[in-house]
1. Residues of the stretch 130-146 being away from ligand 2 (no atom under 13 Å from the Cβ) and touching a residue at least 60 places away in the same chain (Cβ under 8 Å), which ones?
2. Being more than 16 Å from ligand 2 (Cβ to nearest atom), surrounded by fewer than 23 Cβ atoms within 10 Å (Cβ to Cβ) and under 27 Å from residue 283 (Cβ atoms) narrows it down to one of 106, 60, 35, so name that one.
3. What's the number of the only condition in (1) away from ligand 2 (no atom under 16 Å from the Cβ); (2) over 13 Å from the mean Cα position of the chain (by Cα) that residue 176 fails to meet?
4. Can you tell which of 304, 253 is in a loop (DSSP other than H, G, I, E, B) and surrounded by fewer than 16 Cβ atoms within 10 Å (Cβ to Cβ)?
5. Return the total of residues in the stretch 208-233 being more than 13 Å from the chain's Cα centre (by Cα) and either part of a strand (DSSP E or B) or surrounded by fewer than 24 Cβ atoms within 10 Å (Cβ to Cβ) (or both).
6. Of the residues 246, 223, only one is within 16 Å of ligand 2 (Cβ to nearest atom) and at pLDDT 95 or above; which?
7. Among the candidates 168, 204, single out the residue that is at pLDDT 95 or above, under 25 Å from residue 79 (Cα atoms) and in a strand (DSSP E or B).
8. Based on this model, can you work out whether residue 189 counts as closer than 26 Å to residue 277 by Cβ, touching a residue at least 40 places away in the same chain (Cβ under 8 Å), within 11 Å of ligand 1 (Cβ to nearest atom) and surrounded by fewer than 21 Cβ atoms within 10 Å (Cβ to Cβ)?
Ligand code: AHN
Ligand code: ZN
């Protein structure tokens with residue numbers, strides 16, 4: 001055998017033997033850099049929001065918290081647009097709404113969208129005690145937790161940039177859906193007002209992104225996230241990627257590999273008007289008819305409903321997905 005032929009054979013044998021025996025899941029995780037999410041920092045940003053009091057539109061707490069969120073996102077290096085408008089509730093009450101849009105690498109055409117709602121519900125209409133039904137909730141898990149996590153993700157992006165551009169949108173006026181005590185009069189509309197507005201009036205004409213991830217109620221202790229129905233229908237590829245990433249990271253007690261219920265939420269507005277495949281990571285309880293956990297729309301949705309373990313799981317999965325996006 002000549003040296004040349006030997007060399008070619010050696011290269012071929014070496015090449016094939018080095019081909020990694022990849023499982024479906026290990027393909028989702030390349031070796032690239034992924035920062036470590038600091039769950040204590042996410043918890044802190046959550047507590048800061050809750051400390052303003054319920055962030056109900058048309059209240060001073062809402063206005064102050066909106067300014068806090070926009071200022072923090074700017075401090076992390078994002079370009080921030082505060083999209084303010086008047087919207088109308090199920091009762092046709094005018095509310096002052098502000099979507100907060102934070103962009104990293106705004107000139108980059110390849111974009112990923114992360115979002116959550118930052119308002120808190122004006123009614124604890126699921127509270128076990130009916131005297132509380134017209135009181136506003138802290139919304140620690142339902143609102144603040146997801147925004148706290150997105151602030152921490154923004155801080156990480158500011159320290160070490162991703163390959164794609166990232167937009168973080170904090171929607172307002174998500175949680176003004178017709179309360180149960182008034183459903184007979186008004187029907188069941190009124191959710192997702194801020195995202196409906198943004199999706200029809202994006203901050204950039206014809207705005208698009210490769211995909212979107214909505215976080216909603218992602219901080220309760222022992223939360224479980226099922227593959228939500230509309231996410232599967234409209235963005236199955238993203239659902240698969242996110243749940244496979246969770247599995248590789250060892251978070252499959254949170255991210256359950258089963259299909260879940262169909263949920264009215266901001267992701268559907270984004271798909272409907274902007275045609276961006278968008279998933280919803282949202283807690284449901286399979287043992288309770290897939291309702292959203294025991295804190296949901298009650299006065300118990302306070303800082304007790306926030307766990308750094310759950311936030312770490314969700315935040316690390318999201319970071320892994322966006323830092324592996326080339
Ligand atoms: C419904 O209750 C129909 N959708 C849940 C949307 C929501 C409320 N997310 C948080 N709060
Ligand atoms: Zn809610």
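The values are calculated or read from the model by the stated rules, or taken from the named source; none is laboratory data. Since the structure is predicted, the reported quantities are computational estimates derived from the model, not experimental observations. Every residue, glycine among them, receives a Cβ derived from its backbone with ideal geometry; neighbour counts consider all protein chains shown.
1. 132, 135 - these are the residues of the stretch 130-146 that are away from ligand 2 (no atom under 13 Å from the Cβ) and touching a residue at least 60 places away in the same chain (Cβ under 8 Å).
2. Checking each option against the conditions leaves just 35.
3. With (1) away from ligand 2 (no atom under 16 Å from the Cβ); (2) over 13 Å from the mean Cα position of the chain (by Cα) applied to residue 176, the lone miss is (1).
4. 253
5. So the count comes out to 12.
6. Sole residue among the options that is within 16 Å of ligand 2 (Cβ to nearest atom) and at pLDDT 95 or above: 223.
7. 168
8. Taking the combined requirement at face value, the residue satisfies it.
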